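Read the structure below first, then the notes.
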Amino acid sequence: MTAHLNLPKRTPSADVPLILLCLLLASCLPALSQSQPVPAAAHGAPHDPQTDAAFDHFYNMEYDRSTQEFEKIVEKRPNDPFALNHLLTVVLMRNLYETGGMNTGDYSNDSFIGRAPRPTDPKVKERIKQLVRRAEALEDHELKANPTDEDALYCRGVTRAQFSVYTGLVERAWFSALRNAVGARHDHEHVLEMDPAYIDAKLVVGTHNYVIGRLPWSVKVAAALAGLSGSADKGLEYLREVAKSDGENSVDAKIVLSLFLRREHQYDEAIGYMNELSVKYPKNHLFLTEVANLQRAAGRLDEAEAAYRKVWQNGREGKYGTLHYELAAWGLGELLRSKKDLAGAATAYDLVNEAPNPDPDILQKANLAAGEMYDLLQKRDLAMKKYQTVLAGNANTGPADQARRYIKEAYRE
């Protein structure tokens, strides 16, 4: 939930990978924000206390309990594609979290396409694919019997969207991801053609519209030739409708809106959504961290600093368990660096090492950044130690390459 969707300017030869990236983002952003595709009362599976409890644990990032509860629901309703999609979501999101795929800031440009993913347990891969096959079999069976079954079509779109996330971010099978992303949009557009009041279907369609609508002109033309179009204004309108609804996709819409509104410099609305969610789901450190990110982007540096420090303190007090709240220390370091508080930034970056089981990618970036601060402070010995620490991790990364350069020649701005 830390993405800046700053889509880069491209040459026509680069249109295809950028279109692919944007379409994948359009499907994966709701999922990365922990999408729960349960429609409002007029559609889909009925609400029940067990489902509500599972959602609450999921949004609080309590993956073990959420998984157990969704599994029990599937046992009770084995032929319910909604229930299967919920379980698919939590299994997929847990895997992305554990392999470092939940930091959507990594997808702010298409450089991630060539980056090797962190390995996923083969058993987890097979479980995800098994759930997808099972859900699609149910959905296709229902649609064969009744092609105008709105719930079945909606569910198939959700399954396709989730599988596009898996094939893109886990398997790096980009064109398979693209096909599923487009299929998800078409399914949900068809649902809206049959019933414009099916608000939850506007989540993926709205996200898709916004991203396509904000493509550079040359890329947008290429997308239009492929039969794809979008309007940023329509996308935001759809997402606001979902956010204001009483369906469970309303949370996801608020998260996606906060990402897009940051790009539009509409910070107050975005901060409002994130503040609301951070209060409702206090164990999810990502919501409060995103409040800090938005305040920083808005230039409210003192408020942002206080929010980052609050997340860090909450984590030290055990309020987030072993979750990766070190993102707050990284954000604090970046903020202090922007203020030219080099010593404070170095201290903040160093904090990442104190978090329980820190994400290895964030840890490596933080150690490199701390080394850069020490070089600027003329503390070459401390800088060298940090660069060596970077190389002691994964030596085949961008930060490792930079560390090797700085070992030869001190970092300078």
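Okay, here's what the table says:
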read-out: Reciprocal of mean inverse Cα separation for the range 268-346 (Kirkwood radius, Å); value: 12.5
read-out: Size of electric dipole in the range 143-249: Cβ of Lys, Arg +1 and of Asp, Glu -1, about Cα centre, debye, nearest 20; value: 580
read-out: Among 346, 396, 360 the positive-end extreme of the charge dipole of the range 346-413 (Cβ point charges); value: 396
read-out: Hz values of 3J(HN,Hα) by residue in the range 188-195 - Karplus curve (6.51, -1.76, 1.60), Gly and Pro given as x; value: 6, 5, 5, 4, 5, 5, 6, 8
read-out: Cross-link reach list, aspartates and glutamates versus residue 310, counting only Cα pairs under 13 Å and skipping chain neighbours closer than eight places; value: 290, 302, 326
read-out: Check: the range 300-413 dipole with +1 on Lys, Arg Cβ and -1 on Asp, Glu Cβ, in debye; value: 220
read-out: Whole-Å distance, taken between Cα centres, linking the range 137-163 and the range 53-93; value: 19
read-out: Potential extension, residue 313-residue 343 segment - 0.36 nm per residue separation minus Cα distance; value: 8.8 nm
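Since every read-out is calculated from the coordinates, none of them should be taken as a lab result. Predicted model, so just to flag it, every value in this text is computed and none were measured. Counting neighbours? That spans all protein chains shown, and the Cβs are built from the backbone with ideal geometry, glycine included.
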